[in-house]
Amino acid sequence: MTTETPTARSSRGGRDRRAERHAATREEIIAAAWEQVREHGLAGLSLRDVARAVGMRPPSVYSYFESKAAIYDAMYAEGNAAFLEHVLSVPPLDNPHATLRHAATSFMHFAMEDTSRAQLLFQRTVPDFEPSPESYAMALQALEHTRALLRTVGARRKGDIDVWTAMLSGLVTQQISNDPDGTRWIDRCDDAVDMFLAWIDTR
């Protein structure tokens, strides 16, 4: 009787159960990390508490993530995957101005669905955290989609995207900080977009 390794079985098209278990545990660790930051804030992420939540000793976490920064990076990638899916799902409306207003309001709602996720993606709340190129690639895709949308209303200059993202991130910050359970700054979103459009039109 011959004993086969998981790698050997996988190379012939079989299931690599060890790899599946490893991936499932990684997902469990990421889910536990999200639960923790939603309760304690992004800066409150503790590998010890994450390990306890998934039923392992803290050193065992390093078998799946080399550092706390690696966990943040996995969370960032997961959040950006959701954001990119959201951005691509916003349908065009009757005219570009209406589409831009709808996209902005939709962004606000996306951000407020999970404020911890929004802070990680859009506010750089974690000191010294820099996403990996692989994780950041999805953010660049979403940004390029936004650039294309802005071009439809005449916002084609290099700095226009900076004004747009600063405006929306400012609204999100105000909403999270001052009215997290309400809609005060979400309700101002159309006004802000109209001011942006007026600024573009004056050129």
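Readers should treat all values here as calculations from the given coordinates under stated rules, not as data from a laboratory. Note that this is a predicted model, so its numbers are computed, not measured. Here Cβ is always computed from backbone atoms with ideal geometry, including for glycine, and neighbour counts include all displayed protein chains.
Could you tell me whether region 68-203 comes out rounded, prolate or oblate from its Cα gyration tensor? Rule is a ≥ b ≥ c as square roots of the eigenvalues, rounded for a/c under 1.5, then prolate if a/b exceeds b/c, otherwise oblate. It is prolate, given that a/c is not under 1.5 and a/b is the larger ratio. For the chain, what does the helix formula give at 222 nm: sum of -39500 (n - 2.57) over DSSP H segments with n ≥ 4, over the residue count, nearest 500 deg cm²/dmol? About -22500 deg cm²/dmol.
For region 42-179, the dipole from Cβ point charges (+1 on Lys and Arg, -1 on Asp and Glu) about the Cα centre works out to 160 debye, to the nearest 20. The alpha carbon centroids of region 112-138 and region 21-62 are separated by 17 Å.
Here the residues LYS68, LYS158, ranked from fewest to most Cβ neighbours within 10 Å of their Cβ, fall in the order LYS158, LYS68. Net charge in the neighbourhood of GLN174 (other residues with Cβ under 9 Å of its Cβ; Lys, Arg +1, Asp, Glu -1) is +1. For region 68-203, the relative contact order works out to 33 percent when only alpha carbon pairs closer than 8 Å and six or more residues apart are counted. Legend: ranking of residues ASP201, ASP16, ASP73, ASP94 from fewest to most surrounding C-beta atoms inside 10 Å; resulting order ASP94, ASP201, ASP16, ASP73.
Which net charge results when you count Lys and Arg as +1 and Asp and Glu as -1 among the other residues whose beta-carbon is under 15 Å from that of ARG188? Net charge around ARG188: -3.
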